[in-house]
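Notes follow the structure.
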């Protein structure tokens, strides 16, 4: 595994990547990480949209290109060399073993594949290259529940790995099919399990451990792992090859436990597309005191940058632009609300209009079409029944959900309740 010194990453970024060259124009030499400005994700991706080379330190020749979110009209891609990707997969394999996977497991890989998404590739590489004595079943995301159930029964699968929405749908189908499988490990990533889902799983598979594979993102890589001291929503950062910071709203580093802030990461495995003091969009708080190796933290949900649903980051600005594109009637503001509905996640989009539209039904139909076009993966998941259909509302500023302490209207309101269990 190649771990780059932070000074080397900084120098490559400052001299070869135009975005960072501009950001660090007043910092000719590296002194310490905490004096570097925190990256503004909007500016970062705007630079990428103008020219991908703006955020790269070398020509894009060999390696991998992965989907990092965005919409069809404004995609966000992440770039890694083959050597960097190999290092990242070593870290991913550590996350698998920390979650309880051992040699001899028969593992059904149900993560999404295709569309340049990384989850299936990550699981495949980790299982086949780093854990050769597991038996890997690379099923993917879209196989029918009947076929998956048949394979699970025929080969007596002992572990499954996938997104909670996909796994939960499968488990409901197994119950209906009366498939006899005894799982002892259920691994998930990309989104949380919720109490209603946990209850069914514990009923179906009373001996199974339900473990998160880790905390991460395509941009930042695998950032944290969950060992058996962690409750749901708790992780430990991979601090041997990552600088993991929690900062307050003013960018000041928080070292004290139980004070919430924004996660900012610096990845020491990547130099082609440097990730230096980059906000993940999540909030967290330290649980353990400073000085503890792999210091434990608790995730506290998304910040105000994007909503996360079914392993996708949904940005309010992208939704607003998609809805307004090509329309004479434009909306001034949007709020994304994520909640649980009929045991599935649901995204409600509230558009603020200065004046009520004359033909609201037609406009809502246009918005649905525009959002499905802009977010094709989200549309596929809705069609597959993994998440509830998007709910569109048109209202006024007074209809927005606000912060109860400050009264400020939220761009994103996540109303889901995570479960805290061993």
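The values are calculated or read from the model by the stated rules, or taken from the named source; none is laboratory data. None of these values were measured; they are calculated from a predicted model. All Cβ positions, even for glycine, are placed from backbone atoms using ideal geometry, and neighbour counts span all protein chains on display.
Any residue in region 22-29 that is touching a residue at least 60 places away in the same chain (Cβ under 8 Å), under 27 Å from residue 246 (Cβ atoms) and in contact with a helix residue (DSSP H, G or I) (Cβ under 9 Å, 6 or more places away or on another chain)?
No, region 22-29 contains no residue that is touching a residue at least 60 places away in the same chain (Cβ under 8 Å), under 27 Å from residue 246 (Cβ atoms) and in contact with a helix residue (DSSP H, G or I) (Cβ under 9 Å, 6 or more places away or on another chain).
Take the residues in region 387-414 that are at pLDDT below 85 and over 16 Å from residue 316 (Cβ atoms); name whichever of them is surrounded by the most Cβ atoms within 10 Å (Cβ to Cβ).
396
Select, from 8, 90, the only residue that is out of contact with any helix residue (DSSP H, G or I) (no Cβ under 7 Å at 6 or more places or on another chain) and either touching a residue at least 60 places away in the same chain (Cβ under 8 Å) or at negative phi (or both).
8
Determine if region 320-329 includes at least one residue that is in contact with a helix residue (DSSP H, G or I) (Cβ under 6 Å, 6 or more places away or on another chain) and at pLDDT 90 or above.
So far as region 320-329 goes, no, none of its residues is in contact with a helix residue (DSSP H, G or I) (Cβ under 6 Å, 6 or more places away or on another chain) and at pLDDT 90 or above.
Return the residue satisfying two criteria in turn: it lies in region 1-40 and is surrounded by 13 or more Cβ atoms within 10 Å (Cβ to Cβ), assigned to a loop (DSSP other than H, G, I, E, B) and over 26 Å from the mean Cα position of the chain (by Cα), and of such residues it is modelled with the highest pLDDT.
Here the residue is 24.
Out of the residues in region 338-358 that are touching a helix residue (DSSP H, G or I) at 6+ places or on another chain (Cβ under 9 Å) and over 19 Å from residue 411 (Cα atoms), state the one that is surrounded by the most Cβ atoms within 10 Å (Cβ to Cβ).
Ranking the qualifying residues of region 338-358, first place goes to 344.
Looking at region 31-48 only, could you name the residues that are more than 16 Å from residue 262 (Cβ to Cβ) and either touching a strand residue (DSSP E or B) at 6+ places or on another chain (Cβ under 9 Å) or without any contact (Cβ under 8 Å) to a residue 24 or more places away in the chain (or both)?
31, 32, 35, 45, 46, 48
Could you go through region 67-81 and let me know if any residue there is over 21 Å from residue 314 (Cβ atoms) and assigned to a helix (DSSP H, G or I).
Checked region 67-81: no residue is over 21 Å from residue 314 (Cβ atoms) and assigned to a helix (DSSP H, G or I).
Answer yes if at least one residue in region 223-240 is without any contact (Cβ under 8 Å) to a residue 24 or more places away in the chain, closer than 22 Å to residue 102 by Cα and over 20 Å from the mean Cα position of the chain (by Cα), and no otherwise.
The answer is no; no qualifying residue exists.
Looking at 85, 117 in this structure, which one is crowded, with 19+ Cβ neighbours inside 10 Å, in contact with a strand residue (DSSP E or B) (Cβ under 6 Å, 6 or more places away or on another chain) and modelled with pLDDT under 90?
117
Could you grab me the full set of residues in region 359-374 that are at pLDDT below 80 and crowded, with 17+ Cβ neighbours inside 10 Å?
Passing the criteria: only 374.
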